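Below is one structure, written out as structure tokens; comments come after it.
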Amino acid sequence: MHTEIDKNKIKNGLYIVATPIGNLKDITLRAIEVLKNSDFILCEDTRVSNKLLSNFNINSKLISNHKFNEKKNIKKILNLLNSGKILSLICDAGTPTISDPGRILIEECIKNNINIFSVPGPSAVSAAVSISGFSDKYYFHGFLPEKLSNIDRDFNLLSKMDCSIVFFISSKKIDKIIYLIKKYFNKRNIVICREITKYFEEYIRNTVKSFKEFKKPLKGELTVVISEKKENQKYLNKLSESDKLKIKKLINKLSIRDIIDIFIDKKNVSKKAIYNYCLSLKDEN
């Protein structure tokens, strides 16, 4: 049973509302309430949005707002917001303005001191990073450029970053850029995410070095996550005097293996150096 929010308790302004990226159950209670109480909902494709909204009995008026008409819509939308109306912005799936229309409108709202509120929720980017097993320090690049020469340029820049790299790409194009992924990220790991939250949800994990073209064409839009750099760490073959002193205090309390585990996690000293020093102390005793 739905309990409507008193519109007087919702501040006037623009609400950026995240919607499901696949599974409709991922919509938040707040998103439903805000959308139901919006005077107008700005959406990319009214046909796609109508399917979502009808599922939750949301009957607010829709305004088509996509990358081809968002500039033309600005004056009309600002007039509605300045007249005290409550508007929500949604995209076909996920969080608006993240590789979707909306940035131009937000910039104009900021210039005109119009309230902007976030109604957070599903995002393919955060969903993909969360299951990747890679560093949570990541750079999101959005959709890759159309031309391979531009992708080559972008990958060259991205390869210098020591963090996870996330981007969107059509499943029809993934095979065409594999050689570029190998060229710039050969020592990293990769996960291809498709149909996130849907019935045929799939995560394809591999090393970039072993990554090959797909035998069967994939479907839909892909979210690709490439791991942070996996460079071989250089280990010192000599222990510092302070390290030797610490090992002397531990040698009669812990096993050599335990001492190695302690130091290898905190120091860039080789296991062999630690092991040999421990043995020398054992021999002295």
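The values are calculated or read from the model by the stated rules, or taken from the named source; none is laboratory data. Since the structure is predicted, the reported quantities are computational estimates derived from the model, not experimental observations. No Cβ is skipped: glycine too gets one built from the backbone with ideal geometry, and neighbour counts run over all protein chains shown.
Under the condition of being crowded, with 16+ Cβ neighbours inside 10 Å and either touching a Ser or Thr at 6+ places or on another chain (Cβ under 6 Å) or in the same structural domain as Asn23 (by TED's automatic domain parsing) (or both), which residue from the range 188-220 is nearest to Thr19 (Cα to Cα)?
Once the filter is applied, the top-ranked residue is Cys193.
State whether the residues of the range 58-76 include one that is surrounded by fewer than 16 Cβ atoms within 10 Å (Cβ to Cβ), within 25 Å of the chain's Cα centre (by Cα) and hydrophobic (A, V, I, L, M, F, W, C).
No: zero hits.
What about Asn156, is it touching a helix residue (DSSP H, G or I) at 6+ places or on another chain (Cβ under 9 Å), polar (S, T, N, Q), over 20 Å from Arg205 (Cβ atoms) and not assigned by TED's automatic domain parsing to the domain that holds Asn65?
Details: touching a helix residue (DSSP H, G or I) at 6+ places or on another chain (Cβ under 9 Å): yes; polar (S, T, N, Q): yes; over 20 Å from Arg205 (Cβ atoms): yes; not assigned by TED's automatic domain parsing to the domain that holds Asn65: yes.
So Asn156 fits the description; yes.
Does Tyr184 satisfy the condition of being surrounded by 16 or more Cβ atoms within 10 Å (Cβ to Cβ) and not assigned by TED's automatic domain parsing to the domain that holds Leu24? Lay out the reasoning, then the answer.
Details: surrounded by 16 or more Cβ atoms within 10 Å (Cβ to Cβ): yes; not assigned by TED's automatic domain parsing to the domain that holds Leu24: yes.
Yes: the conditions hold for Tyr184.
Considering each of Gly102, Gly94 in turn, give the residue that is touching a Ser or Thr at 6+ places or on another chain (Cβ under 6 Å) and either of a type outside the set (D, E, K, R) or under 30 Å from Leu35 (Cβ atoms) (or both).
Numbers: Gly102 fails: touching a Ser or Thr at 6+ places or on another chain (Cβ under 6 Å).
Step by step, each of Gly102, Gly94 is checked, and only Gly94 is touching a Ser or Thr at 6+ places or on another chain (Cβ under 6 Å) and either of a type outside the set (D, E, K, R) or under 30 Å from Leu35 (Cβ atoms) (or both).
Could you grab the pairs with beta carbons closer than 6 Å, sequence gap of 6+ or different chains, first residue in the range 186-207 and free of Cβ contacts under 8 Å to residues at least 24 places away in the same chain and within 16 Å of Ser159 (Cα to Cα), second one of a type outside the set (Lys, Arg) and surrounded by 13 or more Cβ atoms within 10 Å (Cβ to Cβ)?
Asn186/Val208; Thr207/Asn189
List every residue pair whose Cβ atoms sit under 7 Å apart, with the two residues 6 or more apart in sequence or on different chains, where the first one lies in the range 141-152 and is surrounded by 14 or more Cβ atoms within 10 Å (Cβ to Cβ) and the second, anywhere, is assigned to a loop (DSSP other than H, G, I, E, B).
Within 7 Å, the pairs are Ile151/Leu144; Ile151/Pro145.
Does Val48 meet the test of being surrounded by fewer than 18 Cβ atoms within 10 Å (Cβ to Cβ), under 26 Å from the mean Cα position of the chain (by Cα) and in contact (Cβ under 8 Å) with a residue 24 or more places away in the chain?
Numbers: surrounded by fewer than 18 Cβ atoms within 10 Å (Cβ to Cβ): yes; under 26 Å from the mean Cα position of the chain (by Cα): yes; in contact (Cβ under 8 Å) with a residue 24 or more places away in the chain: yes.
Judged against the criteria, Val48 is a match.
Residue by residue, here is whether (1) outside any loop (DSSP other than H, G, I, E, B); (2) among the hydroxyl-bearing types (Ser, Thr, Tyr) holds:
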residue	(1), (2)
Lys25	yes, no
Ile32	yes, no
Ile41	yes, no
Ser49	yes, yes
Ile63	yes, no
Phe68	no, no
Lys75	yes, no
Asp100	no, no
Ile106	yes, no
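Count, please, the residues in the range 20-39 that happen to be touching a residue at least 40 places away in the same chain (Cβ under 8 Å) and either surrounded by fewer than 19 Cβ atoms within 10 Å (Cβ to Cβ) or farther than 24 Å from Gly84 by Cα (or both). Spell out how you get there, then give the answer.
Keep residues of the range 20-39 that are touching a residue at least 40 places away in the same chain (Cβ under 8 Å), which gives 20-23, 26-28, 30-31, 34-35, 37-39.
Then drop every residue that is not either surrounded by fewer than 19 Cβ atoms within 10 Å (Cβ to Cβ) or farther than 24 Å from Gly84 by Cα (or both), which leaves 20-23, 26-28, 30, 37, 39.
Result for the range 20-39: 10.
Take the conditions surrounded by 13 or more Cβ atoms within 10 Å (Cβ to Cβ) and assigned by TED's automatic domain parsing to the domain that holds Ile86 and apply them to Ile116. Does it pass? Outline the logic, then answer.
Numbers: surrounded by 13 or more Cβ atoms within 10 Å (Cβ to Cβ): yes; assigned by TED's automatic domain parsing to the domain that holds Ile86: yes.
Yes; evaluated as a whole, the condition is true for this residue.
Somewhere in the range 170-188, is a residue closer than 22 Å to Lys137 by Cβ and under 17 Å from the mean Cα position of the chain (by Cα)? Please lay out each step first, then the result.
From the range 170-188, those closer than 22 Å to Lys137 by Cβ are 181, 184-188; that's our starting set.
Imposing the further condition that a residue be under 17 Å from the mean Cα position of the chain (by Cα) reduces the set to none.
No; the residues of the range 170-188 include none that is closer than 22 Å to Lys137 by Cβ and under 17 Å from the mean Cα position of the chain (by Cα).
Please state which one of Ile165, Ile131 is closer than 13 Å to Thr223 by Cα and either basic (Lys, Arg) or part of a strand (DSSP E or B) (or both). Working first, answer last.
Values: Ile131 fails: either basic (Lys, Arg) or part of a strand (DSSP E or B) (or both).
Every option except Ile165 fails the conditions.
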